[in-house]
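The values are calculated or read from the model by the stated rules, or taken from the named source; none is laboratory data. Because the structure is predicted, anything quoted here is derived from the model rather than measured. Methodologically, a virtual Cβ is constructed for each residue, glycine included, from the backbone with ideal geometry; neighbour enumeration extends over all protein chains shown.
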Amino acid sequence: MSTFHETAIAATIAARLPLGFPVIPAPSTDPGAAGEAVAVAFTGTPGATIAIQVADPDALEDGSADAPLEDRLHPVFEAAVAVLGVGTLGDGVRVSAVESFTAPGTQVFDLVSEDGTVVARAAVRIDDERVAGASAAPGRFSRIAGVEMEVVVEIGRTRMPVRDVLSLEPGRVVELDRAAGSPADIKLNGRLIGHGTVVVADGDFAVRVERILEHAESF
């Protein structure tokens, strides 16, 4: 069973991969791996080794098709390790997928598109010694249970050149990176915790929670 940190990292990778469609992380039931992946090491409390394998790198919409895949995935790794706290992120390196995805203690996640296609995979291995202390942390949160936190519902995002931003005017339609009817992201203090459907309740916009990511209550 995946831990809080592993699940949170996989959810962040799914949210930050620059694809033109949403993907959902799910614990993989396929132990096999082939080809190459990009891996990084994170030194912190806890530490981790994370690997990402993208089925079709040409599908990445980051405007950097000619850059090495290690560089293109670096912002994704940076966002993923943010859930671990303070530490040092190493450079991405090409590795054998079978070595990274089948290493003892590694949790593998399939990143699945809306039609069920596995478009990428993520392998996360957490420093077991550090996690043992972290797993008891949620019980201490009862002391701050009344503290208010910011919940944001995000229906999509896009990237625009500065010239296009400066030319925005009333009536302009800005396309987002998500198809109509796709689930919205529910974020707690900037971190993805679940997915839902935007609805109208008593004349106001609201969100119907469809799914809470595993161990999201540990945020």
Could you look through the stretch 166-200, keep only residues that are at negative phi and exposed (fewer than 10 other Cβ atoms within 10 Å of the Cβ), and pick out the one that is modelled with the lowest pLDDT?
Ala180
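Do any strands (runs of 3 or more DSSP E) entirely within the stretch 42-118 hold 1 or more residues that are surrounded by 19 or more Cβ atoms within 10 Å (Cβ to Cβ) and modelled with pLDDT of 90 or more, and if so, which? So that I can check it myself, show each step before the final result.
On the way: elements: 48-54, 87-89, 93-96, 106-112.
Fully inside the stretch 42-118 and qualifying: 48-54, 87-89, 106-112.
Here's a check for you: in the stretch 136-162, which residue that is at pLDDT 85 or above and surrounded by fewer than 10 Cβ atoms within 10 Å (Cβ to Cβ) is nearest to Ala180 (Cα to Cα)? Break it down stepwise before answering.
Step one: filter the stretch 136-162 for residues at pLDDT 85 or above, giving 151-162.
Narrowing the set further to residues that are surrounded by fewer than 10 Cβ atoms within 10 Å (Cβ to Cβ) leaves 161-162.
Values: Pro161: 24, Val162: 26 Å.
Ranking the candidates gives Pro161 first.
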With criteria (1) free of Cβ contacts under 8 Å to residues at least 12 places away in the same chain; (2) within 18 Å of Ala11 (Cα to Cα), Ala65 comes up short on (2)
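Okay, residues lined up against (1) in contact with a Ser or Thr (Cβ under 8 Å, 6 or more places away or on another chain); (2) more than 21 Å from Asp91 (Cα to Cα):
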| position | (1), (2) |
| --- | --- |
| Thr12 | no, no |
| Pro18 | no, no |
| Pro22 | yes, yes |
| Ala37 | yes, no |
| Val40 | yes, no |
| Ala48 | no, no |
| Ile52 | no, no |
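Inside the stretch 119-128, can you point out the residues that are in contact with a Pro (Cβ under 9 Å, 6 or more places away or on another chain), at pLDDT 90 or above and surrounded by fewer than 23 Cβ atoms within 10 Å (Cβ to Cβ)? Can you show your working first?
Residues of the stretch 119-128 that are in contact with a Pro (Cβ under 9 Å, 6 or more places away or on another chain), as a first pass: 122, 125-128.
In the following step, the residues that additionally are at pLDDT 90 or above were identified as 122, 125.
Answer for the stretch 119-128, where residues must be in contact with a Pro (Cβ under 9 Å, 6 or more places away or on another chain), at pLDDT 90 or above and surrounded by fewer than 23 Cβ atoms within 10 Å (Cβ to Cβ): just Arg125.
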Considering the stretch 18-28, residues that are touching a strand residue (DSSP E or B) at 6+ places or on another chain (Cβ under 6 Å) and under 22 Å from Gly181 (Cα atoms), and then whichever is surrounded by the fewest Cβ atoms within 10 Å (Cβ to Cβ), we arrive at Ala26
Among (1) in contact with an Asp or Glu (Cβ under 8 Å, 6 or more places away or on another chain); (2) of a type outside the set (S, T, N, Q); (3) closer than 21 Å to Gly190 by Cα; (4) at pLDDT 90 or above, where does Gly20 come up short?
(4)
Condition first: aliphatic (A, V, I, L, M) and surrounded by 13 or more Cβ atoms within 10 Å (Cβ to Cβ). Now tell me which residues in the stretch 29-41 satisfy that.
Ala33, Ala37, Val38, Ala39, Val40, Ala41
